[in-house]
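K.L.:
Sharing a structure, written as C-alpha cells. Questions coming.
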Amino acid sequence: MTTKSPIKLPAPVFDDPRHHIRLYHGDSLELLALLPESTVDLIFADPPYFLSNGGITCHAGRMVSVNKGAWDKFQDPALGPVRARIENIHEFNRSWLAACQRILKPNGSLWVSGTAHVIHSVGFAMQQLGFKLLNDISWVKPNPPPNLSCRYFTHSTETIIWAARDKKSRHTFNYKLMKETNRGKQMKSVWEIKPPETWERRFGKHPTQKPLALLERILLASSNEGDLVLDPFSGSGTTALAALRLRREAIALELSYEYLALTLQRLTQDLVRVELSLTTLQFSLDLFPNLMDRSCSGRTSDRPADSGANQKSQSREMSANLQLVQQECRFHFIGRQNRAVIFSVLAPTLDDALQQFRNSGHSPSDALFIIKTETQIFLA
Ligand SMILES: C[S@@+](CC[C@H](N)C(=O)[O-])C[C@H]1O[C@@H](n2cnc3c(N)ncnc32)[C@H](O)[C@@H]1O
C-alpha cells in the first residue's frame, strides 16, 4: 500500500537563517495551506483591492489610471477575467483569512489594510470566522491627491482592521510603548503617517507600497522581538523589512517575481547596514594627516598577492552568472568626541560627502576620520 506523502512547502526564493527572513514565491492561498498550524505570532495583510477596472485618479497633478496590475483585477477561473463580483471577492477574502487563522498561534493577531472597496468584506469575513475584532485604525494620509470628479470628499484614509485569532485570544499589545511613542498620551486609533518617502522607493515603485513607519508601528504595538511575522501579500516587502529592522522573524509570500526582486533589494540594503554598524566597532585607528581615499577603487598597484591568473578567470566566470542588484558608495563620519558614526551619507565622491556633511550643520573638525564603503550586491 502506498501512502501519500504530505505536500511540502517549496524552497524559499530567499532565506536568511541568521535573521530568520524567508520569502516565498507563489499563490498565498496554496502556500498558507502548507505552513504548520498555530505557529505565527502576527500577520499583516494588504490584500488586492480589486480596484483595477479602468478608473482614473490624480497623481502629482496628472490624471493617471487607477489600474495597479493584473494581480488587482478579479479573475474568475471558471469564467476568465471578469469585472469584480462582490460575492466572489468576499469568498476570496474568507478563504485567505481562514488560512491565516489556522496558522496563527492561539494568542496571535492579524492586521488587514484596505480601502472601502475591500475592507467591509474583510471585516464581515472576520466576523463570520470568529476573529475577535480589536480596533479599526484610520490611517490618515496628509496631502492626499485631489478628487478630480469633484463629486466626493477627497479620499485621505485607509482602514486597518486589527483582530485576534478568536474570542479566547490574549493578544499582545505593547500599551506602554505606544503611550511613550505618543508623548505620554494614550495612542488613538487615528494615525497620521506620510506615504512612503522617496528613499523607500529608491529601488523601484510598487503601486500600493505601504510606508515603513506604518508597519514599524504595527509590529512594535502587537509583537515582541523574536516573534514570527507573516505577510501573505508581501508586495515590495515592507513587512519583512520592518521585521528585519525590529528583530522579528518574517515570512513573506508574493505572486510576482518582480516584487520579490524589489523586496530583496530593500532587504539586502538593510542587511549590509546592520553588518556595517557592527564591524565599525572593530576598526582600528590609523590616522593620516590628510584625507585620502584608501578604498580599492583608489588603489592601482597594490592588488593582493594571491590574485593569480587562474583565480581571476574563475571569478570572471562566476561573476558572469551573477546579477548586480545594487551598487553604492557610502561615507561614514566618525565623531571626534565619542568615536561613533555621527553622519552617514550616500555620495559619489569624498568631496561631495564632505559638502553634505557641512550642509548638515557639522564643522569639518567634528569628524575624527571618515570611512568609505563601496557595496555591490549580486544575486547568486
Ligand atoms: C496591495 S499589494 C501589497 C503591497 C505591500 N503591502 C507593500 O508595502 O508593498 C498586494 C500584493 O499582493 C500580491 N498578490 C495578489 N494576489 C496574490 C496571491 N494570491 N498570492 C500572493 N500574492 C498575491 C500582488 O502581486 C501585490 O504585490
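The values are calculated or read from the model by the stated rules, or taken from the named source; none is laboratory data. The model shown is predicted, which means the values in this text are computed figures rather than measured ones. Cβ sites come from the backbone with ideal geometry, for glycine too, and all protein chains shown count toward neighbours.
K.L.:
I'd like the residue in the range 17-48 that is within 14 Å of the ligand (Cβ to nearest atom) and under 18 Å from Leu262 (Cβ atoms) and, out of all such residues, is surrounded by the most Cβ atoms within 10 Å (Cβ to Cβ).
P.N.:
Just the residues of the range 17-48 that are within 14 Å of the ligand (Cβ to nearest atom), to begin with: 23-35, 43-48.
Next, only the ones that are under 18 Å from Leu262 (Cβ atoms) stay: 23-26, 28, 44, 46, 48.
Values: Leu23: 23, Tyr24: 23, His25: 18, Gly26: 15, Ser28: 23, Phe44: 30, Asp46: 24, Pro48: 22.
This residue is Phe44.
K.L.:
Counting only residues that are within 30 Å of Gln128 (Cβ to Cβ) and among the small types (Gly, Ala, Ser), which one in the range 139-174 is surrounded by the fewest Cβ atoms within 10 Å (Cβ to Cβ)?
P.N.:
So the residue we want is Ser156.
K.L.:
Scan the range 159-187 for residues that are in contact with a Leu (Cβ under 9 Å, 6 or more places away or on another chain) and acidic (Asp, Glu) and report the count. Walk me through how you get there before you give the answer.
P.N.:
So the first thing to find is which residues in the range 159-187 are in contact with a Leu (Cβ under 9 Å, 6 or more places away or on another chain), and the list is 160-166, 169, 171-174, 177-178, 181.
Filter again for acidic (Asp, Glu), leaving 166.
Total satisfying the criteria: 1.
K.L.:
Additional query: Go through (1) modelled with pLDDT under 95; (2) under 18 Å from His90 (Cα atoms); (3) surrounded by 14 or more Cβ atoms within 10 Å (Cβ to Cβ) and name the single condition Ala116 misses.
P.N.:
Evaluating Ala116 over (1) modelled with pLDDT under 95; (2) under 18 Å from His90 (Cα atoms); (3) surrounded by 14 or more Cβ atoms within 10 Å (Cβ to Cβ) leaves (3) as the failure.
K.L.:
Separate question: Is it fair to say Gly204 is within 16 Å of the ligand (Cβ to nearest atom), surrounded by fewer than 21 Cβ atoms within 10 Å (Cβ to Cβ) and modelled with pLDDT under 90? First the steps, then the outcome.
P.N.:
On the way: within 16 Å of the ligand (Cβ to nearest atom): yes; surrounded by fewer than 21 Cβ atoms within 10 Å (Cβ to Cβ): yes; modelled with pLDDT under 90: yes.
Yes; evaluated as a whole, the condition is true for this residue.
K.L.:
Next question. What are the pairs with Cβ atoms under 7 angstrom where one residue, in the range 168-186, is closer than 16 Å to Asp227 by Cβ and the other, located anywhere, is among the hydrophobic types (A, V, I, L, M, F, W, C) and surrounded by 13 or more Cβ atoms within 10 Å (Cβ to Cβ)? Sequence gap at least six, or different chains.
P.N.:
Every condition considered, the pairs that remain are His171/Leu134; His171/Ala164; Phe173/Ala221; Asn174/Leu220; Asn174/Ala221; Leu177/Leu220.
K.L.:
Now, a different point. Yes or no: Ala243 at pLDDT 95 or above, within 13 Å of the chain's Cα centre (by Cα) and over 18 Å from Pro196 (Cα atoms)?
P.N.:
no
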